[in-house]
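The values are calculated or read from the model by the stated rules, or taken from the named source; none is laboratory data. As the structure is a computational prediction, the values presented were derived from the model and not from experiment. Using ideal geometry, Cβ is built from the backbone for each residue, glycine included, and neighbour counts are taken over all protein chains shown. In case anyone asks, the SASA skips ligands and DNA or RNA and just uses the protein heavy atoms, side chains included. Shrake-Rupley method; radii C 1.70, N 1.55, O 1.52, S 1.80 Å.
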Amino acid sequence: MPAGASDGSEKTSSVQPPGDAEMMETLEEENFGVSISSPSDAEFDAVVGYLEDIIMDDDFQLIQRSFMDNHYREFEDTEENKLIYTSIFNEYICLVEKYIEEKLLDRIPGFSMAAFTMSLQQHKDEMAGDIFDMLLTFTDFLAFKEMFLDYRAEKEGRGLDLSSGLVVTSLSKSSISSSQNSLRR
């Protein structure tokens, strides 16, 4: 049978093959979205994608929240750091880093956290804020402490207070006339 001919047993398509101009336009559009990157960049991007999935997963959130629930009362917003902060920091690193590394090894056989950490320094400007902030709590004690102080403020109802900038005024007629009367006296 000649190319493009049908014996009737196949479903026919009304789509015509594109002409040369249409084909070039399609290829240009497809190339627009493709970036040229090294294999190490692609590997880094894959790890970051998996990290996002792991961090957003309910299991990870439960582990982190439980840990913070157990220790947030120890943290105080002072310049001086208590000795117990160091052991809590080390325990957190062991718990969370181990969990993340196990999950990444499930998805990327042969994954090396040490190699990723080195790669992280080269790509830190490319990282999404939330992911980088969370990873920063592994290496930056002050970021770790700030995370606990924020959590404590939230647990104790001391979140961001915007009330000092708000003014509530009643617009009912009776309150307006009574306030005007009290001003005249």
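Enumerate the helices (runs of 4 or more DSSP H) found wholly within the range 1-92, keeping only those where 2 or more residues are at pLDDT 90 or above. So that I can check it myself, show each step before the final result.
On the way: elements: 20-32, 39-56, 58-71, 84-92.
The helices (runs of 4 or more DSSP H) meeting that bar are 39-56, 58-71, 84-92.
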Considering residues that are over 20 Å from M56 (Cα atoms), open to solvent by less than 70 Å² (accessible area, probe 1.4 Å) and not polar (S, T, N, Q), the number found within the range 115-140 is 3
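If you take the residues of the range 128-185 that are of a type in the set (D, E, K, R) and modelled with pLDDT under 70, which of them is farthest from G49 (Cα to Cα)? So that I can check it myself, show each step before the final result.
Within the range 128-185, the subset of a type in the set (D, E, K, R) is 130, 133, 140, 145-146, 150, 152, 154-156, 158, 161, 173, 184-185.
Then drop every residue that is not modelled with pLDDT under 70, which leaves 161, 173, 184-185.
Working: D161: 34, K173: 58, R184: 67, R185: 69 Å.
Among residues in the range 128-185 that are of a type in the set (D, E, K, R) and modelled with pLDDT under 70, the one farthest from G49 (Cα to Cα) is R185.
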Restricting attention to the range 99-119, report how many residues are outside any helix (DSSP H, G or I) and either acidic (D, E) or touching a helix residue (DSSP H, G or I) at 6+ places or on another chain (Cβ under 8 Å) (or both).
2
Does N81 satisfy the condition of being under 23 Å from K145 (Cβ atoms) and in contact (Cβ under 8 Å) with a residue 40 or more places away in the chain?
yes
